[in-house]
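Nothing in this text is a laboratory measurement; each read-out follows from the coordinates by a stated rule. Quick caveat, the model's predicted, so the values are computed rather than measured. FYI the Cβ positions are ideal-geometry reconstructions off the backbone, even for glycines, and counts take in every protein chain you see.
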Amino acid sequence: MGVAETKIYPINTGWLHGDLGTYIFWKGPAGKKKWQPVYCHYVDTGTHRVLIDTGLPDQQRASQYHHNCEKRGCLQVHEHLQQVLGIHPDSIDAILFTHLHWDHVQNMKAFRNARYIAPKAEIEMAFNPLPLYYRTYESGCLGIEPAYAGCTFEMVDDECEILPGLTMFHTPGHSVGHMAVSVATTAGDIVICGDAIFEERNLEPNPAERWRFWVPARFVNSYEGWRSVEEIDKRADYVLPCHDDIANSRSDVFPYEGMPVRKRRQVIPGYHFYFGDMPGGATGAVAPSMPPDEVEAYIAGLADPSSMAD
Ligand SMILES: [Zn+2]
């Protein structure tokens, strides 16, 4: 195995109607909605076959208990693996879960030989949710059987290199124990973000508020959530957020020739970081500061969330 052989295949398991203000962007246009895909990711390292999250259930279950859902021809994860990628579910070695929200865990029992690996704080919350999150974790209190009923997880309590080049690191805020997964590839570090950000746009400024990042609104802890967005900005040469249509659909497989590599932790004059410097070993990856005379045109070119509504 090795970095040279590592490939990531995004799998779209369906679409949810998400609010641009209460979910996707803090102070975004609440009441306006956008259809968002629900991706999970298959990673082939050359010697190991790993899934990162497992996505949505069928449309009936999703819409009955959660949000308005459309499959639009998308398959469930195990069906997609077999029918589109030719990978038998029994050959999956492990599933890494960024967090255990309902739209990231479905059909996990279809992978009979997989180890289930998840952040410790997510496992604790999933099996005993704060009442506000009964539905998010499909609590038995509501008469729903969660996808992980009867499953045994292996817990990750700190940053952990699960396989060489495949690292889970803390990105709490969206949920209590959320962890993103960094995958070392020939084109740099691709971070599978779970829901720590919903879209690439979350990593760019909110000009009206002078925020360096237009972070998502869906946090249990906004302080940790902002820090996690900064952490992803520091580590990622490319991001694959689970609900980002554009980032996931640029190619069927990542990395690919011509993949647009992002700038890590770029200083944009007038827009400030809040937390400390780069993690050890990554200081050389900082992008040069944006020249002040380029800022105005850059800000003018950013997408406005109110233009994203369906
Ligand atoms: Zn979530």
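Things worth noting here:
- Fewest-first sequence of THR152, THR136 by Cβ atoms within 10 Å of each Cβ: THR152, THR136
- Contact order normalised by residue count of the chain, Cα under 8 Å, 6+ apart, percent: 18 percent
- The chain - mean residue ellipticity at 222 nm from DSSP helices (-39,500 (n - 2.57) per run, n ≥ 4, rounded to 500): -4500 deg cm²/dmol
- Residues CYS193, CYS151, sorted so that the one with the fewest Cβ neighbours within 10 Å comes first: CYS151, CYS193
- Fully extending the segment from LEU142 to PHE273, taken as 0.36 nm per residue of separation minus the present Cα-Cα distance, adds 43.0 nm.
- Peptide ranges 283-296, 62-75, 170-183 listed from the most packed, as the mean C-beta count within 10 angstrom indicates: 170-183, 62-75, 283-296
- Counted as membrane-span-like here are DSSP H helices of the chain whose alpha-carbon atoms extend 27 Å or more along the helix's own axis and whose Kyte-Doolittle mean is 0.0 or above; there are none.
- Under the combined filter of DSSP loop state and at most 12 neighbouring Cβ atoms within 10 Å, the stretch 79-133 retains these trypsin sites (Lys or Arg not before Pro): ARG112.
- For the pair VAL286 and ARG115, the difference between a 0.36 nm per residue extended length and the Cα-Cα distance amounts to 58.0 nm.
- Only lysines eight or more places from LYS234 in sequence, or on another chain, were considered; those with a Cα closer than 18 Å are LYS263.
- In summary, the convex hull built on the alpha carbon positions of the chain has an orientation-averaged projected area of 15.4 nm².
- The chain - charge dipole about Cα centre, Lys and Arg +1 at Cβ, Asp and Glu -1, debye rounded to 20: 400 debye
- Inter-part distance where the stretch 222-269 and the stretch 100-143 are each reduced to a Cα centre, Å: 25 Å
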